[in-house]
Amino acid sequence: MIKVITYGTFDLLHYGHVRLLQRARALGDHLIVGVTADAFDKARGKINVHQSLMERIEAVRALGIADEIIVEEYEGQKIDDIRRYHIDIFTVGSDWEGTFDYLKEYCQVVYLPRTEGVSSSEIRSEEGHLRLGLAGSSSFMNKVAKEAGFVNGLEVAGLYAPDDRYLSEAVKELPYVADSYEALLEKVDAVYIKAQPEEHFEMVKKAIEAGKHVLCESPSALSEEGYQLLLKEAEECQVVFEEGLKTAYATAYSRLRLLIKTGIIGQVVSIDATCTSLNEDPNDMKGRWDPFFEWGPTAMLPVFQIMGTEYQEKHVYTHFADAQKKHDDFSRIDLIYKNSVASLKVASGVKSEGELIVSGTKGYIYVPAPWWNTDYFEVRYEDPKNNKRYFYQLDGEGIRYELVCFLQNVRKWSQQRYIEPEVSRAICREAGEFLKRKGIREI
Ligand code: C2G
(Lines give C-alpha, C1' and ligand atoms only; values in the text may rest on other atoms or scores of the structure.)
Protein backbone atom coordinates (compact mmCIF):
# COMPACT_ATOMS: atom_id res chain seq x y z
CA MET A 1 0.00 0.00 0.00
CA ILE A 2 1.40 3.40 -1.04
CA LYS A 3 0.75 5.99 1.67
CA VAL A 4 0.56 9.66 0.71
CA ILE A 5 0.50 12.70 3.00
CA THR A 6 -0.25 16.34 2.33
CA TYR A 7 -0.84 19.41 4.52
CA GLY A 8 -2.73 22.67 4.33
CA THR A 9 -4.85 25.28 6.01
CA PHE A 10 -7.83 24.56 3.72
CA ASP A 11 -9.58 27.78 4.78
CA LEU A 12 -12.84 28.46 2.88
CA LEU A 13 -12.34 25.20 0.95
CA HIS A 14 -12.32 25.78 -2.82
CA TYR A 15 -11.76 23.79 -5.98
CA GLY A 16 -8.02 24.49 -5.94
CA HIS A 17 -7.82 22.56 -2.67
CA VAL A 18 -10.15 19.83 -3.95
CA ARG A 19 -8.11 19.26 -7.09
CA LEU A 20 -4.94 19.08 -5.04
CA LEU A 21 -6.45 16.50 -2.70
CA GLN A 22 -7.84 14.44 -5.61
CA ARG A 23 -4.42 14.32 -7.30
CA ALA A 24 -2.71 13.59 -4.00
CA ARG A 25 -5.04 10.65 -3.43
CA ALA A 26 -4.35 9.39 -6.96
CA LEU A 27 -0.62 9.16 -6.16
CA GLY A 28 -1.21 6.17 -3.87
CA ASP A 29 -3.70 4.00 -1.99
CA HIS A 30 -4.05 5.86 1.28
CA LEU A 31 -4.09 9.64 1.82
CA ILE A 32 -3.45 11.38 5.11
CA VAL A 33 -4.28 15.10 5.22
CA GLY A 34 -2.68 17.32 7.83
CA VAL A 35 -4.82 20.37 8.61
CA THR A 36 -2.94 23.24 10.25
CA ALA A 37 -3.86 24.27 13.79
CA ASP A 38 -4.85 27.93 14.35
CA ALA A 39 -1.78 28.71 16.47
CA PHE A 40 0.55 27.09 13.92
CA ASP A 41 -0.95 29.18 11.12
CA LYS A 42 -0.60 32.34 13.22
CA ALA A 43 3.01 31.49 14.06
CA ARG A 44 3.84 31.07 10.37
CA GLY A 45 2.20 34.39 9.50
CA LYS A 46 -1.20 33.22 8.23
CA ILE A 47 -3.29 35.59 10.37
CA ASN A 48 -6.35 36.00 8.16
CA VAL A 49 -7.74 32.49 8.45
CA HIS A 50 -11.50 32.72 8.86
CA GLN A 51 -12.57 29.24 9.77
CA SER A 52 -11.71 27.42 12.96
CA LEU A 53 -9.63 24.25 12.86
CA MET A 54 -12.72 22.10 13.38
CA GLU A 55 -14.61 23.82 10.55
CA ARG A 56 -11.66 23.26 8.22
CA ILE A 57 -11.27 19.63 9.27
CA GLU A 58 -14.97 18.96 8.73
CA ALA A 59 -14.85 20.57 5.28
CA VAL A 60 -11.95 18.34 4.24
CA ARG A 61 -13.61 15.27 5.77
CA ALA A 62 -16.86 15.99 3.91
CA LEU A 63 -15.01 15.65 0.59
CA GLY A 64 -14.53 11.94 1.28
CA ILE A 65 -11.06 12.04 -0.32
CA ALA A 66 -8.87 11.76 2.78
CA ASP A 67 -8.49 8.37 4.43
CA GLU A 68 -7.17 10.01 7.59
CA ILE A 69 -7.05 13.58 8.88
CA ILE A 70 -4.47 14.80 11.42
CA VAL A 71 -3.64 18.24 12.83
CA GLU A 72 -0.37 19.98 12.00
CA GLU A 73 0.71 21.86 15.11
CA TYR A 74 4.42 22.58 14.99
CA GLU A 75 7.33 23.33 12.70
CA GLY A 76 9.02 20.08 11.69
CA GLN A 77 6.03 17.88 12.43
CA LYS A 78 6.07 16.63 8.83
CA ILE A 79 9.23 14.62 9.57
CA ASP A 80 7.63 13.07 12.65
CA ASP A 81 4.48 12.22 10.69
CA ILE A 82 6.33 10.70 7.70
CA ARG A 83 8.16 8.37 10.09
CA ARG A 84 5.18 7.70 12.35
CA TYR A 85 2.81 6.82 9.50
CA HIS A 86 5.45 5.17 7.24
CA ILE A 87 4.68 7.59 4.44
CA ASP A 88 5.91 6.85 0.88
CA ILE A 89 5.02 10.18 -0.78
CA PHE A 90 4.75 13.73 0.55
CA THR A 91 2.93 16.07 -1.82
CA VAL A 92 1.94 19.72 -1.87
CA GLY A 93 1.10 22.39 -4.45
CA SER A 94 3.81 23.81 -6.74
CA ASP A 95 3.63 27.17 -4.96
CA TRP A 96 5.82 25.39 -2.41
CA GLU A 97 8.32 24.12 -5.03
CA GLY A 98 11.63 23.44 -3.32
CA THR A 99 10.46 24.31 0.20
CA PHE A 100 10.09 20.68 1.27
CA ASP A 101 13.03 19.13 -0.57
CA TYR A 102 14.50 18.34 2.86
CA LEU A 103 11.80 15.65 3.16
CA LYS A 104 13.45 13.69 0.30
CA GLU A 105 15.60 12.14 3.01
CA TYR A 106 12.48 10.41 4.35
CA CYS A 107 10.15 9.86 1.40
CA GLN A 108 9.40 10.83 -2.19
CA VAL A 109 8.45 14.52 -2.60
CA VAL A 110 5.97 15.50 -5.34
CA TYR A 111 4.94 19.10 -6.13
CA LEU A 112 1.60 19.17 -7.94
CA PRO A 113 0.73 22.10 -10.24
CA ARG A 114 -1.23 24.70 -8.33
CA THR A 115 -4.70 25.52 -9.67
CA GLU A 116 -4.58 29.06 -10.98
CA GLY A 117 -7.33 31.63 -10.45
CA VAL A 118 -8.52 30.75 -6.98
CA SER A 119 -7.19 31.30 -3.46
CA SER A 120 -8.56 31.63 0.03
CA SER A 121 -7.30 35.21 0.31
CA GLU A 122 -9.18 36.18 -2.88
CA ILE A 123 -12.34 34.60 -1.46
CA ARG A 124 -11.84 36.45 1.82
CA SER A 125 -11.66 39.74 -0.06
CA GLU A 126 -14.74 39.00 -2.18
CA GLU A 127 -16.90 40.98 0.26
CA GLY A 128 -14.86 43.96 -0.81
CA HIS A 129 -12.29 45.80 1.22
CA LEU A 130 -13.28 47.50 4.41
CA ARG A 131 -12.17 51.10 3.92
CA LEU A 132 -10.39 52.19 7.10
CA GLY A 133 -9.69 55.85 7.86
CA LEU A 134 -6.91 56.97 10.22
CA ALA A 135 -7.84 59.88 12.50
CA GLY A 136 -5.13 61.49 14.57
CA SER A 137 -1.61 62.88 14.42
CA SER A 138 0.27 60.24 16.42
CA SER A 139 3.33 58.55 14.94
CA PHE A 140 1.55 55.32 15.98
CA MET A 141 -0.53 55.80 12.80
CA ASN A 142 2.55 54.81 10.80
CA LYS A 143 2.58 51.39 12.48
CA VAL A 144 -1.18 50.94 12.06
CA ALA A 145 -1.00 51.75 8.35
CA LYS A 146 1.90 49.33 7.88
CA GLU A 147 0.26 46.53 9.84
CA ALA A 148 -3.03 46.96 7.96
CA GLY A 149 -1.13 45.82 4.87
CA PHE A 150 -1.01 42.30 6.34
CA VAL A 151 -4.80 42.11 6.74
CA ASN A 152 -6.72 40.61 3.79
CA GLY A 153 -9.80 42.67 3.08
CA LEU A 154 -8.74 45.84 4.89
CA GLU A 155 -7.75 48.97 2.96
CA VAL A 156 -6.36 52.12 4.59
CA ALA A 157 -8.39 54.55 2.52
CA GLY A 158 -7.92 57.92 4.16
CA LEU A 159 -6.38 60.15 6.79
CA TYR A 160 -7.35 63.07 8.93
CA ALA A 161 -4.42 64.50 10.90
CA PRO A 162 -4.41 68.08 12.20
CA ASP A 163 -0.62 67.83 12.57
CA ASP A 164 1.31 65.50 10.23
CA ARG A 165 4.81 66.18 11.60
CA TYR A 166 5.19 62.64 12.91
CA LEU A 167 3.51 60.79 10.06
CA SER A 168 5.43 58.76 7.48
CA GLU A 169 5.42 59.65 3.79
CA ALA A 170 3.36 56.51 3.12
CA VAL A 171 0.65 57.73 5.48
CA LYS A 172 0.72 61.27 4.19
CA GLU A 173 0.27 59.94 0.65
CA LEU A 174 -2.83 57.85 1.42
CA PRO A 175 -5.53 57.94 -1.30
CA TYR A 176 -7.58 60.55 0.55
CA VAL A 177 -6.22 63.12 2.99
CA ALA A 178 -9.20 64.95 4.49
CA ASP A 179 -9.11 68.46 5.83
CA SER A 180 -11.76 67.63 8.38
CA TYR A 181 -12.75 64.61 10.46
CA GLU A 182 -16.29 64.77 9.07
CA ALA A 183 -14.94 64.68 5.50
CA LEU A 184 -12.88 61.59 6.35
CA LEU A 185 -15.90 59.81 7.79
CA GLU A 186 -17.80 60.29 4.52
CA LYS A 187 -15.11 58.38 2.60
CA VAL A 188 -14.63 55.35 4.87
CA ASP A 189 -16.51 52.41 6.40
CA ALA A 190 -14.50 52.37 9.64
CA VAL A 191 -12.09 54.60 11.48
CA TYR A 192 -9.05 54.01 13.68
CA ILE A 193 -8.66 56.86 16.16
CA LYS A 194 -5.60 57.95 18.09
CA ALA A 195 -6.02 61.67 18.66
CA GLN A 196 -5.81 63.33 22.11
CA PRO A 197 -7.62 61.39 24.86
CA GLU A 198 -9.81 64.41 25.58
CA GLU A 199 -11.00 64.35 21.95
CA HIS A 200 -11.77 60.65 21.76
CA PHE A 201 -15.28 60.58 23.19
CA GLU A 202 -16.68 63.11 20.70
CA MET A 203 -14.79 61.58 17.75
CA VAL A 204 -16.02 58.07 18.56
CA LYS A 205 -19.59 59.31 19.08
CA LYS A 206 -19.56 61.20 15.77
CA ALA A 207 -18.28 58.15 13.88
CA ILE A 208 -20.87 55.85 15.46
CA GLU A 209 -23.67 58.27 14.67
CA ALA A 210 -22.41 58.37 11.07
CA GLY A 211 -22.76 54.58 10.96
CA LYS A 212 -19.02 53.90 10.95
CA HIS A 213 -17.25 51.09 12.79
CA VAL A 214 -14.73 52.38 15.33
CA LEU A 215 -11.41 51.13 16.68
CA CYS A 216 -10.23 53.77 19.14
CA GLU A 217 -6.94 53.64 21.04
CA SER A 218 -7.66 53.27 24.73
CA PRO A 219 -8.93 55.32 26.54
CA SER A 220 -11.89 56.03 24.27
CA ALA A 221 -13.60 58.12 26.95
CA LEU A 222 -12.74 59.83 30.24
CA SER A 223 -15.42 58.31 32.45
CA GLU A 224 -17.27 55.03 32.91
CA GLU A 225 -20.49 56.76 31.93
CA GLY A 226 -18.93 58.10 28.76
CA TYR A 227 -17.64 54.70 27.73
CA GLN A 228 -20.98 53.08 28.54
CA LEU A 229 -22.79 55.64 26.40
CA LEU A 230 -20.52 54.91 23.43
CA LEU A 231 -21.09 51.17 23.86
CA LYS A 232 -24.86 51.71 23.93
CA GLU A 233 -24.84 53.99 20.90
CA ALA A 234 -22.75 51.49 18.94
CA GLU A 235 -25.29 48.75 19.69
CA GLU A 236 -28.17 51.01 18.66
CA CYS A 237 -26.41 52.04 15.43
CA GLN A 238 -25.32 48.42 14.84
CA VAL A 239 -21.68 49.27 14.37
CA VAL A 240 -18.61 47.66 15.91
CA PHE A 241 -16.92 49.78 18.58
CA GLU A 242 -13.68 48.44 20.04
CA GLU A 243 -10.69 49.82 21.86
CA GLY A 244 -7.19 49.44 20.54
CA LEU A 245 -4.57 48.15 22.98
CA LYS A 246 -2.10 45.99 21.03
CA THR A 247 -0.81 44.04 24.04
CA ALA A 248 -4.21 42.42 24.53
CA TYR A 249 -3.85 40.81 21.09
CA ALA A 250 -0.35 39.38 21.58
CA THR A 251 -0.61 35.57 21.68
CA ALA A 252 1.86 35.24 24.57
CA TYR A 253 -0.13 37.72 26.66
CA SER A 254 -3.47 36.01 26.00
CA ARG A 255 -1.95 32.55 26.74
CA LEU A 256 -0.43 33.90 29.97
CA ARG A 257 -3.90 34.93 31.11
CA LEU A 258 -5.32 31.47 30.35
CA LEU A 259 -2.51 29.77 32.29
CA ILE A 260 -3.20 31.94 35.32
CA LYS A 261 -6.87 30.97 35.17
CA THR A 262 -5.86 27.28 35.30
CA GLY A 263 -4.24 27.96 38.71
CA ILE A 264 -0.72 27.22 37.47
CA ILE A 265 0.75 29.76 39.96
CA GLY A 266 -1.99 29.38 42.57
CA GLN A 267 -3.91 32.41 43.80
CA VAL A 268 -2.62 35.70 42.40
CA VAL A 269 -1.58 37.97 45.27
CA SER A 270 0.47 40.63 43.55
CA ILE A 271 1.04 42.13 40.10
CA ASP A 272 3.94 44.44 39.25
CA ALA A 273 3.84 46.08 35.84
CA THR A 274 6.28 48.70 34.56
CA CYS A 275 6.07 50.61 31.29
CA THR A 276 8.61 53.36 30.64
CA SER A 277 10.04 54.99 27.54
CA LEU A 278 12.50 57.71 28.44
CA ASN A 279 11.94 60.82 26.36
CA GLU A 280 15.14 62.93 26.15
CA ASP A 281 13.21 66.06 25.21
CA PRO A 282 10.17 66.40 27.52
CA ASN A 283 9.02 69.34 25.43
CA ASP A 284 8.73 67.24 22.29
CA MET A 285 6.97 63.94 22.98
CA LYS A 286 6.90 63.30 19.22
CA GLY A 287 3.13 63.14 19.19
CA ARG A 288 3.09 60.65 22.08
CA TRP A 289 0.78 61.23 25.00
CA ASP A 290 1.99 61.92 28.52
CA PRO A 291 2.86 58.61 30.20
CA PHE A 292 -0.27 58.06 32.26
CA PHE A 293 -2.27 57.94 29.03
CA GLU A 294 0.48 56.51 26.83
CA TRP A 295 1.25 53.63 29.18
CA GLY A 296 -1.55 53.58 31.78
CA PRO A 297 -4.04 51.52 29.75
CA THR A 298 -1.34 48.94 28.98
CA ALA A 299 -0.15 48.71 32.60
CA MET A 300 -3.71 48.49 33.94
CA LEU A 301 -4.79 45.84 31.42
CA PRO A 302 -3.35 42.77 33.23
CA VAL A 303 -4.40 44.12 36.62
CA PHE A 304 -8.03 44.66 35.63
CA GLN A 305 -8.16 41.43 33.61
CA ILE A 306 -6.61 39.27 36.35
CA MET A 307 -7.68 40.96 39.59
CA GLY A 308 -10.88 42.67 38.45
CA THR A 309 -11.77 46.32 38.14
CA GLU A 310 -13.08 47.05 41.65
CA TYR A 311 -10.15 47.65 44.01
CA GLN A 312 -10.63 48.87 47.59
CA GLU A 313 -7.95 51.60 47.64
CA LYS A 314 -5.92 53.47 45.07
CA HIS A 315 -2.73 55.47 45.70
CA VAL A 316 -1.23 57.49 42.86
CA TYR A 317 2.20 59.09 43.28
CA THR A 318 3.01 61.39 40.37
CA HIS A 319 5.97 63.50 39.38
CA PHE A 320 5.13 66.32 36.98
CA ALA A 321 7.51 67.69 34.37
CA ASP A 322 6.20 71.25 34.82
CA ALA A 323 5.22 73.58 37.68
CA GLN A 324 1.65 73.91 36.31
CA LYS A 325 1.27 70.10 36.68
CA LYS A 326 0.09 69.87 33.09
CA HIS A 327 2.49 67.09 32.14
CA ASP A 328 3.13 63.98 34.20
CA ASP A 329 6.41 62.23 33.58
CA PHE A 330 6.26 59.51 36.21
CA SER A 331 3.48 57.81 38.14
CA ARG A 332 3.41 54.93 40.50
CA ILE A 333 -0.06 53.50 40.99
CA ASP A 334 -0.85 51.11 43.87
CA LEU A 335 -4.21 49.35 43.76
CA ILE A 336 -5.25 47.48 46.90
CA TYR A 337 -7.79 44.67 46.49
CA LYS A 338 -9.37 42.46 49.16
CA ASN A 339 -6.72 39.73 48.94
CA SER A 340 -4.20 41.19 46.52
CA VAL A 341 -2.28 44.28 45.46
CA ALA A 342 -1.03 45.74 42.19
CA SER A 343 1.80 48.18 41.69
CA LEU A 344 2.26 49.95 38.38
CA LYS A 345 4.91 52.33 37.13
CA VAL A 346 4.34 54.40 33.99
CA ALA A 347 6.88 57.02 32.90
CA SER A 348 8.46 58.99 30.13
CA GLY A 349 10.77 60.95 32.41
CA VAL A 350 12.12 57.95 34.30
CA LYS A 351 13.70 54.73 33.02
CA SER A 352 12.98 51.44 34.73
CA GLU A 353 12.81 47.71 33.91
CA GLY A 354 9.74 47.17 31.71
CA GLU A 355 8.77 43.81 33.15
CA LEU A 356 5.54 42.19 34.28
CA ILE A 357 5.55 39.94 37.35
CA VAL A 358 2.41 38.09 38.45
CA SER A 359 3.03 36.60 41.89
CA GLY A 360 0.99 33.66 43.16
CA THR A 361 0.77 31.27 46.11
CA LYS A 362 2.42 28.43 44.13
CA GLY A 363 4.79 30.33 41.87
CA TYR A 364 5.00 33.40 39.65
CA ILE A 365 4.95 34.45 36.03
CA TYR A 366 7.84 36.55 34.78
CA VAL A 367 7.56 38.49 31.52
CA PRO A 368 10.79 40.22 30.54
CA ALA A 369 11.00 43.74 29.16
CA PRO A 370 9.34 44.93 27.00
CA TRP A 371 6.54 42.83 28.45
CA TRP A 372 3.89 44.73 26.47
CA ASN A 373 5.43 43.48 23.20
CA THR A 374 6.30 40.06 24.45
CA ASP A 375 6.58 36.75 22.63
CA TYR A 376 8.00 35.01 25.72
CA PHE A 377 7.33 34.40 29.39
CA GLU A 378 8.33 32.01 32.17
CA VAL A 379 6.38 30.26 34.90
CA ARG A 380 8.80 30.03 37.84
CA TYR A 381 8.66 27.99 41.04
CA GLU A 382 10.68 27.60 44.23
CA ASP A 383 12.48 24.69 42.61
CA PRO A 384 13.85 26.08 39.29
CA LYS A 385 13.78 22.54 37.87
CA ASN A 386 10.00 22.93 37.63
CA ASN A 387 10.16 26.22 35.71
CA LYS A 388 8.39 26.35 32.35
CA ARG A 389 9.15 28.60 29.40
CA TYR A 390 6.67 29.70 26.73
CA PHE A 391 7.29 31.29 23.38
CA TYR A 392 4.62 32.51 20.94
CA GLN A 393 5.53 34.27 17.71
CA LEU A 394 4.56 37.94 17.78
CA ASP A 395 4.60 39.85 14.49
CA GLY A 396 4.00 43.59 14.39
CA GLU A 397 3.63 44.04 18.17
CA GLY A 398 0.08 42.62 18.01
CA ILE A 399 -1.39 45.47 15.92
CA ARG A 400 -2.13 43.27 12.89
CA TYR A 401 -3.95 40.75 15.10
CA GLU A 402 -5.95 43.65 16.56
CA LEU A 403 -6.91 44.75 13.03
CA VAL A 404 -7.78 41.19 11.94
CA CYS A 405 -10.03 40.80 15.00
CA PHE A 406 -11.68 44.18 14.29
CA LEU A 407 -12.30 43.26 10.62
CA GLN A 408 -13.66 39.81 11.50
CA ASN A 409 -16.05 41.37 14.02
CA VAL A 410 -17.18 43.98 11.47
CA ARG A 411 -17.76 41.24 8.88
CA LYS A 412 -19.44 39.12 11.58
CA TRP A 413 -17.05 36.28 10.85
CA SER A 414 -16.42 36.13 14.56
CA GLN A 415 -17.37 37.94 17.74
CA GLN A 416 -14.06 37.85 19.58
CA ARG A 417 -13.33 40.40 22.27
CA TYR A 418 -9.80 40.55 23.69
CA ILE A 419 -10.62 43.48 25.99
CA GLU A 420 -13.73 43.04 28.10
CA PRO A 421 -16.05 46.09 28.16
CA GLU A 422 -15.76 46.31 31.96
CA VAL A 423 -11.96 46.56 31.60
CA SER A 424 -12.25 49.32 29.00
CA ARG A 425 -14.76 51.08 31.20
CA ALA A 426 -12.42 50.92 34.22
CA ILE A 427 -9.48 52.26 32.17
CA CYS A 428 -11.67 55.18 31.05
CA ARG A 429 -12.57 55.79 34.71
CA GLU A 430 -8.90 55.89 35.75
CA ALA A 431 -7.96 58.14 32.84
CA GLY A 432 -10.70 60.62 33.74
CA GLU A 433 -9.78 60.66 37.43
CA PHE A 434 -6.13 61.21 36.60
CA LEU A 435 -6.95 64.09 34.28
CA LYS A 436 -8.84 65.71 37.16
CA ARG A 437 -5.77 64.96 39.29
CA LYS A 438 -8.17 63.18 41.66
CA GLY A 439 -6.46 61.39 44.57
CA ILE A 440 -2.96 62.11 43.29
CA ARG A 441 -0.05 62.66 45.61
CA GLU A 442 2.63 64.75 43.97
CA ILE A 443 6.21 63.60 44.49
N1 C2G B 1 -3.57 24.86 -3.58
C2 C2G B 1 -3.65 24.67 -4.94
N3 C2G B 1 -4.28 25.59 -5.72
C4 C2G B 1 -4.81 26.70 -5.17
C5 C2G B 1 -4.73 26.91 -3.79
C6 C2G B 1 -4.09 25.98 -3.00
O7 C2G B 1 -3.17 23.65 -5.45
N8 C2G B 1 -5.42 27.60 -5.99
C9 C2G B 1 -2.89 23.86 -2.76
C10 C2G B 1 -1.70 24.41 -1.99
O11 C2G B 1 -0.53 24.43 -2.81
C12 C2G B 1 -1.58 23.42 -0.84
C13 C2G B 1 -3.03 23.04 -0.57
O14 C2G B 1 -3.77 23.42 -1.73
O15 C2G B 1 -0.87 22.28 -1.28
C16 C2G B 1 -3.60 23.78 0.63
O17 C2G B 1 -3.40 25.18 0.41
P18 C2G B 1 -3.61 26.19 1.64
O19 C2G B 1 -4.83 25.80 2.35
O20 C2G B 1 -3.44 27.56 1.10
O21 C2G B 1 -2.46 25.90 2.66
P22 C2G B 1 -0.89 26.04 2.50
O23 C2G B 1 -0.37 26.79 3.66
O24 C2G B 1 -0.54 26.54 1.15
O25 C2G B 1 -0.56 24.51 2.66
O26 C2G B 1 3.14 23.23 5.27
C27 C2G B 1 2.56 23.12 3.97
C28 C2G B 1 1.47 24.13 3.86
O29 C2G B 1 0.62 23.96 4.95
C30 C2G B 1 0.71 23.95 2.55
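Do we find that Ser180 is surrounded by 14 or more Cβ atoms within 10 Å (Cβ to Cβ) and either hydroxyl-bearing (Ser, Thr, Tyr) or touching a Ser or Thr at 6+ places or on another chain (Cβ under 6 Å) (or both) in this structure? Answer is no for this residue. Scanning the range 154-170 for residues being in contact with a Lys or Arg (Cβ under 9 Å, 6 or more places away or on another chain), surrounded by 19 or more Cβ atoms within 10 Å (Cβ to Cβ) and either among the β-branched types (Val, Ile, Thr) or farther than 17 Å from Cys216 by Cβ (or both) gives a total of 2. Is it fair to say Thr99 is outside any helix (DSSP H, G or I), free of Cβ contacts under 8 Å to residues at least 12 places away in the same chain and near the ligand (Cβ under 8 Å from one of its atoms)? Answer is yes for this residue. When Lys326, Lys351, Lys338 are screened for being touching a residue at least 40 places away in the same chain (Cβ under 8 Å) and basic (Lys, Arg), only Lys351 passes. When Glu73 is tested against (1) surrounded by fewer than 16 Cβ atoms within 10 Å (Cβ to Cβ); (2) under 30 Å from Glu186 (Cβ atoms); (3) not aliphatic (A, V, I, L, M), only condition (2) is not met.
Would you say Arg131 is more than 10 Å from the ligand (Cβ to nearest atom), in a helix (DSSP H, G or I) and charged (D, E, K, R)?
So Arg131 does not fit the description; no.
In the range 249-296, the qualifying residues are those that are over 21 Å from the mean Cα position of the chain (by Cα) and without any contact (Cβ under 8 Å) to a residue 40 or more places away in the chain, and the one that is surrounded by the most Cβ atoms within 10 Å (Cβ to Cβ) is Asp284.
When we screen Arg389, Arg380, Arg400 for residues that are exposed (fewer than 14 other Cβ atoms within 10 Å of the Cβ) and modelled with pLDDT of 95 or more, the only hit is Arg389. The residues of the range 16-42 that are closer than 30 Å to Ala250 by Cα and within 12 Å of the ligand (Cβ to nearest atom), listed by number, are Val33, Gly34, Val35, Thr36, Ala37, Phe40, Asp41.
Go through the residues of the range 401-409 one by one and say whether even a single one is within 28 Å of Glu55 (Cα to Cα), of a type in the set (Asp, Glu) and in contact (Cβ under 8 Å) with a residue 12 or more places away in the chain. Yes; the residues of the range 401-409 include at least one that is within 28 Å of Glu55 (Cα to Cα), of a type in the set (Asp, Glu) and in contact (Cβ under 8 Å) with a residue 12 or more places away in the chain. Checked against the criteria, Thr115 does not count as near the ligand (Cβ under 8 Å from one of its atoms), modelled with pLDDT of 95 or more and loosely packed, with under 12 Cβ neighbours inside 10 Å.
I'm trying to understand the selection: among the residues of the range 71-96, which are assigned to a strand (DSSP E or B) and among the aliphatic types (A, V, I, L, M)? Matches in the range 71-96: Val71, Ile89, Val92.
The values are calculated or read from the model by the stated rules, or taken from the named source; none is laboratory data. Just so it is clear, the model here is predicted, and its values are computed rather than measured. Every residue, glycine as well, gets a Cβ built from its backbone with ideal geometry; the counts of neighbours run over all protein chains shown.
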